[in-house]
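The values are calculated or read from the model by the stated rules, or taken from the named source; none is laboratory data. Keep in mind that what you see is a predicted model, and the values were worked out from it rather than measured. Every residue, glycine among them, receives a Cβ derived from its backbone with ideal geometry; neighbour counts consider all protein chains shown. We work out accessible area using only protein heavy atoms, side chains counted, and drop any ligands, DNA or RNA first. Shrake-Rupley method; radii C 1.70, N 1.55, O 1.52, S 1.80 Å.
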Amino acid sequence: MRTALMRITARVAVTTLLAGVTALGTGTLTASAATGTVVTDSGTGVAIRSGNATSFGSVGNQPNGPVEIDCQIYGEPVTGKYGRSLVWDHVPGKGYITDSYVNTGSSGLIAPLCTSNPRADKAIAWYAARNGSTAFQGYCEMAAENSYGKTAIWASAKADWNDAVARGVAHKGDLNPPKGALVFWDLAAPYGHVGVATGDGNFWATSVSGAIGKRALPYFNSYLGWAYPNF
């Protein structure tokens, strides 16, 4: 059975596919798009959403059977026919479907990473709307989770990071996290610290000059690295 770990660790292998890709709409389109097969036990297909999370509105339905995929992106984890997956497939001209209901014949990504990330954009906008707020001081993990519409997933930032390390998906010491990735520091032992990367070398987090703010990485001492949100 395919696993989220196998999908995520395959990221490096597919980045070479980005060469020669032409941007189109919300994703990317190669000369020959990838294909998969939607399989649901109900036979009714899977919801097509405007973004890479179930919180985005449904814009249609992808029936069981062959589906074209022009790019893929990490998003909200969903458990489906093929296990739990953080991968979402972009269907050209339609939207996003969770890869947990798509048989691609592969344990990893089969298409380039999409050039847009609607879920990450919402998380970053959440922080930007609270720039200067002290409401989350001492609650960095809560802030990160709330920015993604979640709460009470991990007891601390360090617990979140340790989960990524245990799953083998932590990018230790990497100062080039993609947009929407969680960035971690080994601060305030044993709790740690976490923020959300903007994809351009910056991040949003609490405790930036005593409040929510945006700075360039690494900013704080004891930078650990980054990982895609596992929530």
Inset, instruction - Tally the residues that are open to solvent by 40 Å² or more (accessible area, probe 1.4 Å), small (Gly, Ala, Ser) and assigned to a loop (DSSP other than H, G, I, E, B), restricting the search to region 158-185. - result: 2
Inset, instruction - Would you list the strands (runs of 3 or more DSSP E) that sit entirely within region 186-231 and hold 2 or more residues that are among the small types (Gly, Ala, Ser) and surrounded by fewer than 17 Cβ atoms within 10 Å (Cβ to Cβ)? - result: 211-216
Legend entry - Ser100 vs. criteria hydroxyl-bearing (Ser, Thr, Tyr), part of a helix (DSSP H, G or I) and surrounded by 19 or more Cβ atoms within 10 Å (Cβ to Cβ): yes
Inset, instruction - Taking the options Ala144, Ala152, Ala111, name whichever one is closer than 30 Å to Pro190 by Cβ, surrounded by 23 or more Cβ atoms within 10 Å (Cβ to Cβ) and of a type in the set (A, V, I, L, M). - result: Ala144
Inset, instruction - For region 143-157, indicate whether the set of residues that are within 30 Å of Pro63 (Cα to Cα), over 16 Å from the mean Cα position of the chain (by Cα) and not β-branched (Val, Ile, Thr) is non-empty. - result: no
Inset, instruction - Would you mind stating whether Leu113 is at pLDDT below 95 and under 25 Å from Glu145 (Cβ atoms)? - result: yes
Inset, instruction - Starting from region 172-187, take each residue that is over 9 Å from Ser222 (Cα atoms) and list its partners that are of a type in the set (Phe, Trp, Tyr) and in a loop (DSSP other than H, G, I, E, B), counting only C-beta distances under 8 angstrom and pairs at least six apart or across chains. - result: Gly180/Tyr228; Ala181/Tyr228; Leu182/Tyr228
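Residue-wise test of (1) touching a strand residue (DSSP E or B) at 6+ places or on another chain (Cβ under 7 Å); (2) in a loop (DSSP other than H, G, I, E, B); (3) modelled with pLDDT of 95 or more.
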residue: Ala31; (1), (2), (3): no, yes, no
residue: Thr40; (1), (2), (3): yes, yes, yes
residue: Gln72; (1), (2), (3): yes, no, yes
residue: Val78; (1), (2), (3): yes, no, yes
residue: His90; (1), (2), (3): yes, no, yes
residue: Leu109; (1), (2), (3): yes, yes, no
residue: Lys122; (1), (2), (3): no, no, yes
residue: Gly132; (1), (2), (3): yes, yes, yes
